[in-house]
1. What order do you get for 83-90, 116-123, 136-143 when each peptide is scored by the mean count of other beta carbon atoms within 10 Å, highest first?
2. Could you give the length gained on full extension between residue 57 and residue 121, defined as 0.36 nm per residue of separation minus the Cα-Cα distance, in nm?
3. In which sequence would 47, 110 go, from the one with the fewest C-beta neighbours within 10 Å to the one with the most?
4. In Å, what is the Rg of the alpha-carbon atoms in the stretch 77-160, and how long is Dmax?
5. Tell me, what is the FRET efficiency for residue 72 and residue 97 to the nearest 0.05, using R0 = 35 angstrom and their Cβ-Cβ distance as r?
6. For a label point 7 Å from the Cα of residue 80 along Cα→C-beta, name the residues of the stretch 109-150 whose backbone N is under 18 Å from it.
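Every number here is computed from the coordinates shown, using simple stated rules; none is lab data. Given the structure is predicted, the values throughout are model-derived calculations rather than measurements. Cβ placement follows ideal geometry from the backbone for every residue including glycine, while neighbour counts extend to all protein chains displayed.
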C-alpha cells in the first residue's frame, strides 16, 4: 500500500516566506552618511593642490602651430645596426632572383633583396653580385649636407678563415 504523507502548512514558514518576498519587492534603502565639511578637525587630511602637478594634465604638450605629432616607432631588425656590423653569409641565385643572407651582431639571419632597407643611416641594397652586396647610404654630415656613400659587404671565403 501506498502511504501518503500529509503536508501540514506551518504558519511560521508562511510568515517567513511572506517577509522575504516583501523584502525583495520593497527593498530598504541604506542610509548615506556624509562627513561634515563645515567643522575643522585638526587630524583630518585636506588636499592642497598648490605646488603639485595636475594628475589630469597630459605629459606631452602639443604645440598649437604644429600639425603632426611624431611618435617613437620601433625599428625593424635590419635598421638597428650600422651596415658595417652585418656579416654577409651567403648569396643565392635562382632563375630570376638574387637573394643575399646576412647575419646581425645578435646572431640572427635575414634575407636581402634589391631595395631592402639596411642600416641606421637609411641605406638600401642596390646590387647583389656573386660575391658581394652593394649598399648605398645617405649620410648627413655636421654642416647639414647629405652625401651618398657606397658600402660593399663582401662574402668571405671559407667562412672568414684564411
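1. Working: 83-90: 16.1, 116-123: 18.0, 136-143: 11.0.
The densest-packed peptide leads the list: 116-123, 83-90, 136-143.
2. Details: separation 64, 0.36 × 64 = 23.04 nm, distance 3.64 nm.
Gain in length upon complete extension: 19.4 nm.
3. By the 10 Å Cβ count, ascending: 47, 110.
4. Gyration radius and largest Cα-Cα distance of the stretch 77-160: 13.1, 46 Å.
5. Numbers: r = 35 Å, r/R0 = 0.99.
Between residue 72 and residue 97 the formula returns 0.50.
6. 109-112, 117-123
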